[in-house]
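K.L.:
My structure is below; once you've seen it, I'll send some questions.
The values are calculated or read from the model by the stated rules, or taken from the named source; none is laboratory data. A quick note: this is a predicted structure, and the numbers were derived from the prediction, not measured. All Cβ positions, even for glycine, are placed from backbone atoms using ideal geometry, and neighbour counts span all protein chains on display. Only protein heavy atoms, including side chains, enter the accessible area calculation; ligands, DNA and RNA are left aside. Shrake-Rupley method; radii C 1.70, N 1.55, O 1.52, S 1.80 Å.
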Amino acid sequence: MSEYDPKKIEAKWQKIWAESGIYKSSEDQDRPKFYVLNEFPYPSGEGLHVGHLKGHIATDIYARMKRMQGYSVLHPMGWDAFGLPAENYAIKHKIHPREAVEQNIARFKSQLNLIGPDYDWSREINTTDPDYYKWTQWIFLQMFKKGLAYESNEPINWCPSCQTGLANEDLENGKCERCGSQVVKKPMRQWVLKITKYADRLLDDLEALNWPEFIKEGQRQWIGKSDGLLFKARVKDLPDGKAGTKIELETFSAHYEACYADTFVVIAPDHALLDDLIKGVEGEKEIRNKVEEINIKRLQDKYKTGELEGVFTGRFLDDPLGNGHLPIWVANFAVTDYGTGVIKCSAHDEQDFAFAKKYNIPIKIVLVPQDQELKKRVENFEVCYSDMKNGILLEPLNLSGKTGAELRDLIAEYVIENKWAKRVTMYRLRDWVFSRQRYWGEPIPLIHCDGKGSPPTGGCGVVAVPESELPVKLPEVKHYEPTGTGESPLADIPEWVNVKCPKCGGKGRRETNTMPQWAGSSWYYLRFVDPHNEGVLVDKKIEKYWAGVDVYVGGAEHVTRHLIYARFWHKFLYDIGAVSTIEPFSKRIGTGLIHASDGRKMSKRWGNVANPDEVIERWGADTFRLYEMFLGPFADSVAWNDEAIIGPRRFLERVWKMVTQNSKRKTQNQSVDLKISKYIRGISSDIENFKFNTAVSKLMILSRELENLVPNTYNLETFLKLLAPFAPHICEELWHQLGHTDSIHIQKWPQVSELTGVEGNVINLRVQINSRIGGSIFVSSDSSEEEVKTVALSSPIIAKRLEGKQVLRVVYKPGIVLNVLTN
RNA sequence: GCCGGAGUGGCGGAAUGGCAUACGCGCACGACUCAAAAUCGUGUUCCCUUACGGGAUUGAGGGUUCAAGUCCCUCCUCCGGCACCA
C-alpha cells in the first residue's frame with residue numbers, strides 16, 4: 001500500500017488526459033449539448049491568485065458532471081488580452097505589448113492547468129490574434145453598414161491619466177474605472193455605437209433570463225427607461241416678452257401630472273446651449289463666473305451633501321401652458337446627460353421646491369393631498385407635496401378634481417393635442433463611445449477618403465475597408481505610448497495611415513482610433529463554438545448545435561459592462577442572421593470573491609496574496625479544488641484561510657486509505673444500497689445548483705458511512721464517481737487501482753435508485769409532545785393515523801411523558817412527524 | 001433616497017414550515033510515542049449543575065401556525081448596485 005502522493009498522481013493523470021483527448025468537444029448529434037463557460041481572464045502581469053481560480057474550478061466540476069451525465073460538453077477557455085492594462089504593463093517593462101501578452105498568457109495557462117481542468121485547449125482563443133480580431137472588425141463593419149456605428153463630436157469622458165476617451169460604462173463615480181483619475185468632458189471626434197437603439201429589447205428580454213435578480217435589476221437601472229413628455233418652448237429676452245431670441249428649449253418631464261405648477265426652469269451648468277443663452281444679458285460676466293464656479297465645485301464632488309446652488313440667467317421661457325414667463329436658472333443639480341439637460345420646475349418636486357425656497361422663486365400649488373391639515377400646510381408653501389398618484393389636481397381647470405393617477409393619461413393627451421408637448425421615452429443608457437486613443441486595441445476598419453486630386457475635393461467620406469481585406473492588422477510601431485493629442489499613436493505611422501480609398505482610389509487615411517477593451521469579449525463565447533473557421537464568424541450549423549451558453553459564470557463587476565455589451569452585440573448578430581438565439585447566456589451564475597485572510601482584497605500592495613502555485617505545491621490540486629468549493633456558498637465572498645485547508649486534505653487521505661487498504665471488501669455487488677441513493681440525489685442537485693459547499697459536506701459524510709460499513713465495490717465506485725468532478729486526479733488513480741482501464745471521467749453518472757420511497761418501508765417517525773421533542777417510533781411509512789397513534793401512545797418513553805395528561809388532539813404528517821397535543 | 005441581498009457557536013458555514021448549530025477549522029481530553037509532529041478516538045451553542053438533569057438561544061419587537069432560522073408586519077445593522085435622473 002502506497003501513501004497518498006498528490007504530486008505524483010496529479011502530474012501523471014494530467015499528462016494522460018491531455019494525450020487521450022477525453023475532454024475534446026464535438027457536435028455529437030446523438031447527445032444533447034451543454035455549453036458551460038467561465039469568463040475568460042485578462043492575462044495581467046500579476047499572475048493568478050487563488051480567488052481567480054474559483055470560477056474555473058466550479059465550471060470544471062459542473063462540466064465533468066454533465067459529461068458523465070451523457071451530455072456533449074463544451075467547456076473552453078481563452079484570453080481577453082487587448083486594452084490598457086497590457087499596454088501599461090508593456091510600457092512599464094519596456095517591451096512590446098504583444099510580448100507582454102505572450103508572457104502573461106503562458107503564465108496564466110500554466111497556472112490554470114495546475115488545477116487539472118477539463119478545458120479543451122484545441123479551442124483556445126486570444127482576442128489579440130489577427131485571426132480572431134478579424135471577426136471583431138467584421139462585426140463592427142456590419143454595424144457601420146447598418147448605421148449603428150457613427151462618428152460624433154460630442155463632448156465625452158476623457159481620462160487625463162490614461163489619455164483616452166471613455167464610455168459611461170468605464171466610469172466609477174465619475175472617475176476612471178482603471179486608474180481612478182477624475183475624468184473631464186472633452187469634445188472630440190469619436191466612433192459611437194448605437195446601443196440605445198437596442199435599449200428596449202435589452203430591457204424586455206431580461207425578464208425571460210434565468211439570471212440572479214440583482215443583475216437583472218442592475219441592468220434595468222443602467223438602461224433607466226422612463227416615459228414622459230417633451231415640452232418645447234421659446235426663450236424670451238425680457239420679462240415683458242419683447243424681442244424674442246431664436247433659442248428654443250426642450251424640457252423632459254416624467255412626472256408631468258403637475259405641469260401646471262411649473263414656475264421656473266433650470267438648465268445644467270455645463271449645457272451646450274448655455275453659452276448662447278447667457279450671451280448679452282445684464283451681468284453676463286458675473287453669471288458666467290458663477291456657472292464656472294458651480295462646474296468646478298461639481299467636478300470636485302462638493303455637492304454630494306445635497307447642497308443646492310444656482311444663478312439666474314437673466315432669461316425667461318415662454319411657458320406653452322400659459323403660465324407666463326418662467327425664469328431660467330442654472331442649477332447644480334441639473335445634469336446634461338439625462339433628458340435634455342433642461343427641466344421645468346415646480347413646487348411639487350422636493351428638489352425644485354427647496355431650490356425655489358432658497359432663491360425666493362415664486363411657486364404655485366396645483367396638487368394637494370386629501371388630508372385637510374396637510375393640504376393647508378402645502379397651500380402655505382410650508383412643505384413640498386409630490387405624490388403624483390394620490391394627490392388631487394387643481395389644474396388644468398377642465399380636468400381638475402381628480403387624482404394624478406386618474407389624470408396622467410388625460411393630461412398627456414390634452415397637452416399633446418394642443419401641440420405643447422409630445423410623448424417621448426428617455427433612457428439613462430448612452431450610446432457606446434467606442435474609440436480609444438491608444439495603441440493596443442483592434443484597429444477600426446474604416447478609411448477616411450479625401451478624394452482624388454488636390455484637396456478639397458470632397459471625397460467619399462468614411463468608407464469601410466472591404467471585408468476581403470480584413471483583418472486590418474495592428475502595425476508594428478516604435479512608440480506605442482499614448483500621445484495625449486486626441487489621436488492614437490497609429491496616427492504617427494504615415495505608411496500605415498495613408499492608403500487608397502477603396503471606393504474611388506483617391507487619397508485616403510485609415511481611421512487611427514482603436515476599439516475599447518470590451519470589443520473582443522463581446523462575442524468571444526461564439527467563437528469557441530467554431531474557433532478555427534476562416535470563412536465565417538461561426539458556421540451556422542455548428543452554431544445551431546451549441547447555440548446559447550447554458551451556464552455562464554463570472555464576477556459581479558460585469559453587470560453593467562460586459563453583460564450589457566455582449567447582449568447588445570448578440571442581438572445585432574441575431575438581426576443580421578449570424579446567430580440563432582436572441583440572448584447569448586441563458587443562465588448566469590455570479591462568483592463571489594475570495595478575500596485575503598485579513599479581509600482585504602488580495603493584492604501585491606498589501607502583501608496578502610495567496611498564490612495557487614504554492615498552495616497546490618503544498619497540498620495538491622485536488623485538496624485545493626475541494627477547499628475552494630467548501631469555503632462557503634459559491635456566490636458569496638469569502639476569506640481565504642490557510643489553516644482550514646487541512647480539512648479537505650485529511651478527507652482525501654481517508655478516501656485513499658478506504659480504497660487502498662480495504663481488503664475485506666465484498667466482491668462485485670450490484671444490489672442498490674438505498675442509503676447511497678440519498679447522496680446521489682443530493683450531490684447531483686447540489687452541483688446542478690452551484691451549491692458546492694454542501695456537496696462536499698455530503699461527500700465527507702458519505703465517506704464516513706462507507707468507512708463504517710465495510711463498503712462493497714459498488715458503493716465504493718459510486719462514491720468515487722460522485723467525488724470525481726471535485727477531485728479528478730485521486731479518483732482517476734483509485735478507479736484504476738480498482739482494476740479499471742478506462743477513465744472515470746467518462747463513466748456514467750450514478751443513477752438514483754427507483755426503489756426509494758417505496759410504500760411499506762419501515763421508517764423512524766418523529767413524535768412530538770406539544771410541539772416539543774418527545775421521542776421516535778418505528779412504523780410503516782404507509783400507516784394510517786390511527787395505527788401510528790396507537791404505536792406512539794404504547795411506546796414506554798412517550799407513555800411516560802404523557803402520564804397524567806389528556807390527549808386532546810394529534811397532528812400527523814406521514815413520514816415527517818406525529819405531534820401529540822395535551823392539556 | 002430607490003432597488004437587490006444578508007444577519008445562526010470561538011471561526012467558515014448547514015437546515016423542502018417538523019430534533020437549530022450538519023460538514024469543516026479551532027480548542028480540550030484520551031490513544032500511539034522516550035518525546036514531539038502526524039494520525040486515530042471522544043467531547044465541544046450558551047447559562048446553571050460535581051453529576052443526573054434543567055433553562056435559554058438563529059439582529060430587535062410583534063403576528064400567523066399544533067409547530068417559525070424559514071411565512072407576514074414594524075424596526076435596527078451590514079454588504080452590493082443605481083442616483084443630484086427631472
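K.L.:
At 0.36 nm per residue, minus the direct Cα-Cα distance, what do A:Asp275 and A:Val752 gain on full extension? Give it in nm, one decimal, please.
P.N.:
Between A:Asp275 and A:Val752, full extension yields 164.2 nm more.
K.L.:
Rounded to a whole number, what is D in µm²/s for the stretch A:360-490 from Stokes-Einstein with the Kirkwood radius over alpha-carbon pairs (25 °C, 0.890 mPa s)?
P.N.:
Taking Rh from Cα pairs, D becomes 114 µm²/s.
K.L.:
Continuing with the same structure: Carbon-plus-sulfur fraction of the accessible area of the stretch A:416-574, 1.4 Å probe, in percent?
P.N.:
50
K.L.:
May I ask for the percentage of alpha-carbon pairs in the stretch A:569-668 that lie more than 23 Å from each other?
P.N.:
Of all Cα-Cα pairs in the stretch A:569-668, 52 percent lie more than 23 Å apart.
K.L.:
Right, next: Taking the Cα atoms of the stretch A:676-744, what is the range of coordinates along each of the three principal axes, in descending order and whole Å?
P.N.:
32, 25, 16
K.L.:
A further question follows. Sort all Cα-Cα distances of the stretch A:689-823 into consecutive 5 angstrom bins from zero, then give the percent of pairs in each bin up to the one containing the longest distance.
P.N.:
2, 9, 15, 13, 11, 9, 9, 10, 9, 6, 5, 2, 1, 0
K.L.:
Give the share of C-alpha pairs in each 10 angstrom bin for the stretch A:28-92, from 0 to the last occupied bin, in whole percents, shortest bins first.
P.N.:
P(r) over the stretch A:28-92, rounded to whole percents: 19, 37, 25, 14, 5, 0.
K.L.:
Give me Rg/Rg_expected for the stretch A:212-301, where Rg uses Cα atoms only and Rg_expected = 2.2 N^0.38 Å with N residues.
P.N.:
The stretch A:212-301 yields a ratio of 1.46.
K.L.:
Show me the ranking of peptides A:115-124, A:810-819, A:396-405 by mean Cβ neighbours inside 10 Å, starting with the highest.
P.N.:
A:115-124, A:810-819, A:396-405
K.L.:
How far apart, in nanometres, would the label points at A:Glu707 and A:Glu481 be if each is projected 7 angstrom from Cα along the Cα-to-Cβ direction?
P.N.:
Going by the 7 Å Cα→Cβ label model, 6.3 nm.
K.L.:
Just to be sure I understand: of the beta bridges DSSP finds with both ends in chain A, what percent are antiparallel, rounded to 5?
P.N.:
Percentage antiparallel, nearest 5: 75.
K.L.:
Return the sequence-ordered ³J(HN,Hα) values of the stretch A:577-588 in whole Hz as given by the Karplus equation 6.51 cos²θ - 1.76 cosθ + 1.60 applied to θ = phi - 60°, using x for Gly and Pro.
P.N.:
x, 7, 10, 9, 10, 8, 10, x, 10, 5, 10, 10
K.L.:
With everything on Cα atoms, drop me the angle between helix A:713-723 and the longest principal axis of chain A, reported from 0 to 90° to the nearest 10.
P.N.:
Between the helix axis and the principal axis of chain A, the angle is about 20 degrees.
K.L.:
From the protein chains alone at 1.4 Å, what is the descending order of accessible area for A:His271, A:His75, largest first?
P.N.:
A:His271, A:His75
K.L.:
Right, something else. Taking the simple approach of a point 7 Å from Cα along Cα-to-Cβ for both A:Asn153 and A:His93, what is their distance in nm?
P.N.:
Here the answer is 4.2 nm between the modelled labels.
K.L.:
So what's the angle, to the nearest 10 degrees on a 0 to 90 scale, between helix A:785-794 and the longest Cα principal axis of chain A?
P.N.:
Taking Cα atoms only, the helix is inclined about 60 degrees.
K.L.:
Residues of the stretch A:196-298: accessible area per residue at 1.4 Å, in Å²?
P.N.:
Here the per-residue accessible area is 48 Å².
K.L.:
Computed on alpha carbon atoms, what radius of gyration and Dmax characterise the stretch A:79-151, expressed in Å?
P.N.:
Looking at the stretch A:79-151, its Cα Rg and Dmax stand at 15.8, 47 Å.
K.L.:
What percentage of all Cα-Cα pairs in the stretch A:553-602 are separated by more than 13 Å?
P.N.:
Value for the stretch A:553-602 (Cα pairs over 13 Å): 65 percent.
K.L.:
Taking the Cβ-Cβ separation of A:Asn611 and A:Asp5 as r and a Förster radius of 25 Å, what is the calculated FRET efficiency to the nearest 0.05?
P.N.:
Approximately 0.70, to the nearest 0.05.
K.L.:
What's the center-to-center distance, using Cα atoms, between the stretch A:181-219 and the stretch A:402-467 in Å?
P.N.:
The two parts, judged by their Cα centres, are 15 Å apart.
K.L.:
Can you give me the distance in nm between label points at A:Leu593 and A:Lys402, each placed 7 Å from the Cα along the Cα-to-Cβ direction?
P.N.:
5.2
K.L.:
Here's a follow-up. Under 4 °C and 1.567 mPa s, how fast does the stretch A:440-537 diffuse according to Stokes-Einstein, given a Kirkwood radius computed over C-alpha pairs? Answer in µm²/s, whole number.
P.N.:
86
K.L.:
Grab the beta carbon distance between A:Asn689 and A:Lys541, set R0 = 35 Å, and tell me the FRET efficiency rounded to 0.05.
P.N.:
Given R0 = 35 Å and the Cβ-Cβ separation, E is 0.60.
K.L.:
Rg and Dmax of the stretch A:143-204 over Cα atoms: what are they, in angstrom?
P.N.:
When restricted to Cα atoms, the stretch A:143-204 yields Rg and Dmax of 13.3, 38 Å.
K.L.:
I would also like to ask the following. Applying the Karplus parametrisation 6.51 cos²θ - 1.76 cosθ + 1.60 with θ = phi - 60° to the phi angles of the stretch A:613-623, what ³J(HN,Hα) value in whole Hz is obtained for each residue in order, glycine and proline being reported as x?
P.N.:
4, 6, 4, 6, 4, 7, 10, x, 5, 5, 4
K.L.:
Separate question: Search the structure for amide H atoms under 5 Å from the amide H of A:Phe264, placed 1.01 Å from N in the peptide plane, and list their residues when 5 or more places away or on another chain.
P.N.:
The answer is A:Cys345.
K.L.:
Let me ask you something else. For a quick check: with amide H placed at 1.01 Å from N, whose amide H comes under 5 Å from A:Leu317's, ignoring anything fewer than 5 positions away on the same chain?
P.N.:
HN-HN under 5 Å from A:Leu317: A:Lys236, A:Leu326, A:Ile328.
K.L.:
Over all alpha-carbon pairs of chain A, lay out the pair-distance distribution in 10 Å bins, whole %, shortest bin first.
P.N.:
Answer for chain A: a P(r) of 2, 10, 16, 17, 16, 14, 12, 7, 3, 1, 0, 0 percent.
K.L.:
Also, I was wondering about something else. Any idea of A:Glu286's accessible area? Nearest 10 Å², probe 1.4 Å.
P.N.:
120
K.L.:
Between A:Ile416 and A:Ala635, 0.36 nm times their residue separation minus their Cα-Cα distance comes to what?
P.N.:
My answer for the length gained is 73.9 nm.
K.L.:
Please report the Cα spread of the stretch A:472-630 along all three principal axes, rounded to whole Å, starting with the longest.
P.N.:
65, 43, 29
K.L.:
Compute the convex hull volume of the Cα atoms of the stretch A:96-216, divide it by the residue count, and report the result per residue in Å³ as a whole number.
P.N.:
Hull volume normalised by residue count: 206 Å³.
K.L.:
Something else about it: What ratio of Cα Rg to 2.2 N^0.38 Å holds for the stretch A:301-366?
P.N.:
That ratio works out to 1.13.
K.L.:
How much length, in nm to one decimal, is gained on full extension between A:Glu495 and A:Arg681, taken as 0.36 nm per residue of separation minus their Cα-Cα distance?
P.N.:
60.4 nm
K.L.:
Report the FRET efficiency, 1/(1 + (r/R0)^6), for A:Asp575 and A:Asn113, where r is their Cβ-Cβ distance and R0 is 35 Å, rounded to 0.05.
P.N.:
The pair A:Asp575/A:Asn113 has a calculated efficiency of 0.35.
K.L.:
What whole-number value in cubic angstrom gives the convex hull volume per residue for the C-alpha atoms of the stretch A:2-157?
P.N.:
Spread over its residues, the Cα hull of the stretch A:2-157 gives 189 Å³ apiece.
K.L.:
Let me ask you something else. Over all directions, average the projected area of the Cα convex hull of the stretch A:164-317 and note it in nm².
P.N.:
So the Cα hull casts an average projection of 13.1 nm².
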